Amino acid sequence: MFDLDGVVFDTEPQYTVFWGSQCRLYHPEHPGLEHEIKGSTLDQIYGRWWSGELEKERETVTQRLNEFEAQMDYTYINGLEAFINDLHQHGVKTAVVTSSNLPKMQSVFKARPEFKELFDEILTSEDFAESKPSPDCYLRGAARFGVEPSECVVLEDSFNGLKSGRAAGMFVVGLATTNKKEDISSLSDVQISDYEGFTYDALSKIFNV
């Protein structure tokens, strides 16, 4: 089960640019806030940083975000497509489990028409009762396939996502696309920079250890 941003798509640098502009506009007193909110859902960001007097600005920020996502560059993490094809050839089911919402996914589908063919299931924020780091999303992903958590592999990059996979009792592969390998090592069973050279055989060896 794959997270989306920073795991399927190399979009985290673009989000840093967007949230950097919004954080400097609304929270100039908190430099670097765009880095602190990485891996948080929109509701989590709004709940903590756009509450009180700023609550009225949420609609404006959401509109800006939707417009930004509609023109984003959805570039796959290196080696992703080959890795997923290899998994499928070995009968492994794949799913996207993301905190992104349906409007965001419509932008993805428009930019990447082949995207749906890569995954057997796509679960979005509308499918979950609780957001990461709760294990709810990944447990629901396992239920969608009718398998036990111990049979699942989670691929994540953010701290909240890694914690979610851990809490779900799943094998966790950490992508060092957003955070350094040493910073995510305690929250993942193995760490990779991208999918180049990462195969079904390589995964199965470490998964079965």
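The values are calculated or read from the model by the stated rules, or taken from the named source; none is laboratory data. Bear in mind the structure is a predicted one, so any value in this text is a computation, not a measurement. Cβ coordinates were reconstructed from backbone atoms using ideal geometry, including for glycine residues, and neighbour counts include every protein chain displayed. Only protein heavy atoms, including side chains, enter the accessible area calculation; ligands, DNA and RNA are left aside. Shrake-Rupley method; radii C 1.70, N 1.55, O 1.52, S 1.80 Å.
Hey, does segment 21-34 have a residue that's open to solvent by 10 Å² or more (accessible area, probe 1.4 Å), at positive phi, under 15 Å from the mean Cα position of the chain (by Cα) and not β-branched (Val, Ile, Thr)? No, because not a single residue in segment 21-34 is open to solvent by 10 Å² or more (accessible area, probe 1.4 Å), at positive phi, under 15 Å from the mean Cα position of the chain (by Cα) and not β-branched (Val, Ile, Thr). Out of LYS116, LYS110, LYS163, one residue alone is within 18 Å of the chain's Cα centre (by Cα), basic (Lys, Arg), open to solvent by 40 Å² or more (accessible area, probe 1.4 Å) and farther than 25 Å from ASP86 by Cβ. It is LYS163.
Find the residue count for segment 172-209, including only residues that are open to solvent by less than 40 Å² (accessible area, probe 1.4 Å) and touching a Gly at 6+ places or on another chain (Cβ under 8 Å).
Our first condition is that a residue be open to solvent by less than 40 Å² (accessible area, probe 1.4 Å); within segment 172-209, this holds for 172-176, 178-179, 184, 187-188, 190, 192, 195, 198, 202-204.
Now restrict to residues that are touching a Gly at 6+ places or on another chain (Cβ under 8 Å): 172, 175, 178, 184, 187-188, 190, 192, 195, 198.
The number of residues fulfilling the criteria is 10.
Restricting attention to segment 84-123, the residues that are under 13 Å from PHE2 (Cβ atoms) and either of a type in the set (S, T, N, Q) or touching a Leu at 6+ places or on another chain (Cβ under 7 Å) (or both) total 8. Kindly provide the set of residues from segment 51-74 that are under 23 Å from the mean Cα position of the chain (by Cα) and either assigned to a loop (DSSP other than H, G, I, E, B) or of a type in the set (Ser, Thr, Tyr) (or both), ordered by number. Within segment 51-74, THR62, GLN71, MET72, ASP73, TYR74 meet the criteria. The single condition from (1) open to solvent by 40 Å² or more (accessible area, probe 1.4 Å); (2) over 15 Å from the mean Cα position of the chain (by Cα) that ILE45 fails is (1).
Can LEU123 be described as surrounded by fewer than 18 Cβ atoms within 10 Å (Cβ to Cβ), within 15 Å of the chain's Cα centre (by Cα) and not charged (D, E, K, R)? For LEU123, the condition - surrounded by fewer than 18 Cβ atoms within 10 Å (Cβ to Cβ), within 15 Å of the chain's Cα centre (by Cα) and not charged (D, E, K, R) - is not met. Looking across segment 1-50, the residues that are in contact (Cβ under 8 Å) with a residue 40 or more places away in the chain and assigned to a helix (DSSP H, G or I) come down to GLU12, GLN14, PHE18, GLN22, LEU42, ASP43, GLN44.
Take the conditions in contact with a Leu (Cβ under 8 Å, 6 or more places away or on another chain) and among the small types (Gly, Ala, Ser) and apply them to SER188. Does it pass?
Numbers: in contact with a Leu (Cβ under 8 Å, 6 or more places away or on another chain): yes; among the small types (Gly, Ala, Ser): yes.
Criteria met by SER188.
The set of residues in segment 87-107 that are open to solvent by 30 Å² or more (accessible area, probe 1.4 Å), touching a helix residue (DSSP H, G or I) at 6+ places or on another chain (Cβ under 7 Å) and outside any loop (DSSP other than H, G, I, E, B) comprises LEU102, PRO103.
The residues of segment 141-158 that are crowded, with 18+ Cβ neighbours inside 10 Å and closer than 25 Å to PRO103 by Cβ, listed by number, are GLY141, VAL154, LEU155, GLU156, ASP157, SER158. Restricting segment 51-78 to residues that are touching a residue at least 12 places away in the same chain (Cβ under 8 Å) and farther than 24 Å from GLU114 by Cα leaves a set whose member that is most open to solvent (accessible area, probe 1.4 Å) is ARG64.
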